[in-house]
Amino acid sequence: MIDPSKVMGALDVAQYLGVSRQYVDRLVRSGKLKCQRTSAGPIFMETDVAAFKRQRLQQAKRDPRVRIRK
């Protein structure tokens, strides 16, 4: 179970999603990934990041062009 109060930095999110930090920034700018801006940089709720990852996986499963690694 995910602790709803856990926060993550951009680098943590990038590692969790398996993408670059720059791609995380792009997701935030496009509004696809929610964050809270602070003076130290963006922070992310782990629940939001996990929900985003689940949603992306569901989209990938429906797309015949995508191969999912197990």
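The values are calculated or read from the model by the stated rules, or taken from the named source; none is laboratory data. What you see is a predicted model, and the numbers here were worked out from it, not measured in a lab. A quick note on method: Cβ atoms are made from the backbone with ideal geometry, for glycine too, and the neighbour counts reach across all protein chains shown. Please note that ligands, DNA and RNA were not included when accessible areas were found on the heavy atoms of the full protein model with its side chains. Shrake-Rupley method; radii C 1.70, N 1.55, O 1.52, S 1.80 Å.
What to note about this one:
- Qualifying residue in segment 15-26 (condition: at negative phi, among the β-branched types (Val, Ile, Thr) and surrounded by fewer than 13 Cβ atoms within 10 Å (Cβ to Cβ)): no
- Every residue from segment 9-56 that is touching a residue at least 24 places away in the same chain (Cβ under 8 Å) and among the hydroxyl-bearing types (Ser, Thr, Tyr): 16, 47
- In the set 45, 8, only one residue is open to solvent by less than 80 Å² (accessible area, probe 1.4 Å), in contact with an Asp or Glu (Cβ under 7 Å, 6 or more places away or on another chain) and of a type in the set (A, V, I, L, M); that residue is 8.
- Subset of segment 48-70 (residues that are open to solvent by less than 40 Å² (accessible area, probe 1.4 Å) and of a type in the set (D, E, K, R)): 63
- If you go through segment 27-42 and keep only what is open to solvent by 90 Å² or more (accessible area, probe 1.4 Å) and closer than 16 Å to residue 16 by Cβ, you end up with 32, 34.
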